[in-house]
Amino acid sequence: MSLAAIFGCSGPRLTEAERDFFAEVRPWGFILFKRNVETPAQVAELTAALRASVGDDRAPILIDQEGGRVQRMGPPHWPKYPPGAAYLKATNDPLAARELSRLGARLMAHDLKAVGVDVDCAPVLDVPVPGAHDIIGDRAYAQDPATVAQLGRAAAEGLLAGGVLPVIKHMPGHGRAFADSHHELPVVKTSLEELEAWDFAPFRALSDMPMGMTAHVVFEAIDPKRPATTSKKAVRLIRERLGFDGLLMTDDLSMKALSGTLAERTAASLKAGCDVVLHCNGQLPEMRDIAGAAHKLKGRSKRRAEAALARIVHTPEPLEPVAARERLDAMLAGRLDAARGPDVGEAQ
């Protein structure tokens with residue numbers, strides 16, 4: 001039985017100590033960062049080694065591959081992708097931007113699937129407000145919830161078509177935060193009515209997605225004492241008012257927005273109702289602390305995890321990557337007429 005945790009590792013290859021630890025605690029999944037990425041062959045070897053360490057070739061392997069500032073696999077071995085805001089900016093036509101968003105995500109899925117990565121921590125469904133911290137910024141698809149939902153769904157569909165699970169983030173919304181939760185705890189004082197109409201709307205619209213990630217943000221209208229990640233009230237809102245019944249994972253537990261020891265953060269997150277905790281930095285002593293406080297994946301959480309993995313398609317939608325990339329680049333450059341070419345659904 002898997003541990004309700006997702007762990008990183010320290011470098012491009014597993015150490016013997018990491019291998020032994022993962023074999024002992026059997027985390028549900030793993031996450032990669034730039035420190036883990038060198039070449040396509042190396043990443044493929046690492047993802048295979050991670051799955052072998054827990055004896056499960058279905059163990060999910062995650063990455064943050066949004067494009068723009070958040071892209072763990074990039075040049076020279078992988079293309080550079082634009083941030084979410086670039087799609088609408090390129091055309092100012094929501095329908096064309098939707099096509100762009102799906103195409104970009106489908107190409108990213110192609111890159112990820114080729115090296116054994118099958119979960120992408122995207123799309124970002126946060127809706128920035130004027131004056132908010134730039135930690136979201138151009139990672140957001142637009143400045144209004146309806147367009148964010150439209151382009152976010154297109155990206156999620158592109159990932160799913162390529163055999164990669166999307167993770168909608170950061171639930172129930174990080175766009176109104178005036179601080180970076182990597183470094184401090186943001187507090188949002190907005191009324192529940194305004195949050196419902198603006199911040200929550202894209203997450204409600206994509207509540208059918210297989211996985212979601214929490215925000216380390218305090219919403220005073222929901223729970224003035226705890227950030228969403230460790231708040232039973234916030235998780236209940238995500239489940240009941242937003243209608244999300246997918247696998248709910250925390251954002252990185254090592255972020256400074258959270259207080260207490262890592263063991264305390266783990267226990268609080270799982271008690272609040274998160275299905276799985278996430279720890280990213282690959283530091284083995286910290287992972288041991290988390291493993292000591294986490295429980296095995298069971299009950300509803302186990303069913304959600306199984307349901308998420310069941311949505312990975314093993315025969316991705318056909319794609320001719322060179323032609324599709326040329327089309328994406330042409331559309332991003334505004335040459336929409338020149339971009340009329342092979343559809344991403346055509347056979348290889």
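The values are calculated or read from the model by the stated rules, or taken from the named source; none is laboratory data. Please read all numbers here as calculations on a predicted model, not as lab measurements. Here the Cβ positions follow ideal geometry from the backbone for every residue, glycine too, while neighbour counts run over all protein chains shown. Side chains are part of the model used for accessible areas, which takes the heavy atoms of the whole protein and leaves out ligands, DNA and RNA. Shrake-Rupley method; radii C 1.70, N 1.55, O 1.52, S 1.80 Å.
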Candidate lysines for bridging to K80, where Cα separation is under 20 Å - those fewer than 8 sequence places away on the same chain excluded
K34, K89, K113
With +1 at each Lys and Arg Cβ and -1 at each Asp and Glu Cβ, the charge dipole magnitude of segment 17-75 around its Cα centre, to the nearest 20 debye, comes out at 180 debye
What is the magnitude of the charge dipole of segment 1-139 about its Cα centre, with +1 placed on the Cβ of each Lys and Arg, -1 on the Cβ of each Asp and Glu, and no other charges, expressed in debye to the nearest 20?
260 debye
Work through the residues other than D120 whose Cβ is under 14 Å from its Cβ and net out their charges, Lys, Arg +1 and Asp, Glu -1.
+2
Whole-percent tail of the Cα-Cα distance distribution for segment 86-149, cut at 18 Å, equals 43 percent
Rounded to the nearest 10 Å², the 1.4 Å probe accessible area of T261 is 70 Å²
Determine the order of K233, K80 by accessible area, beginning with the largest, at a probe radius of 1.4 Å.
K80, K233
Go through R176, R26 and list them by solvent-accessible area, largest first, probe radius 1.4 Å.
R26, R176
Let a ≥ b ≥ c be the square roots of the eigenvalues of the Cα gyration tensor of segment 128-284; is it rounded (a/c under 1.5), or, if not, prolate (a/b larger than b/c) or oblate?
rounded
Between A267, V217, H183, whose Cα lies farthest towards the positive end of the dipole of the chain when Lys and Arg beta carbons carry +1 and Asp and Glu beta carbons carry -1, centred on the Cα centre?
A267
The extension gain from R288 to A307, computed as 0.36 nm times the residue separation minus the Cα-Cα distance, is 4.1 nm
What shape does the chain have by the C-alpha gyration tensor, where a ≥ b ≥ c are the square roots of the eigenvalues, rounded means a/c under 1.5, and otherwise prolate means a/b greater than b/c and oblate the rest?
oblate
Computed over the chain, the relative contact order (Cα-Cα under 8 Å, seq sep at least six) in percent reads 17 percent
Pick out, from G55, Q42, P94, the residue whose Cα sits farthest towards the positive end of the charge dipole of segment 30-99, with +1 on the Cβ of Lys and Arg and -1 on the Cβ of Asp and Glu.
P94
Cα-based Rg and Dmax for segment 164-213, where Dmax is the largest Cα-Cα distance (Å)
12.1, 36
Could you work out the equivalent-ellipsoid semi-axes for segment 123-169, taking the square root of 5 times each eigenvalue of the Cα gyration tensor, largest first, in whole Å?
22, 11, 6
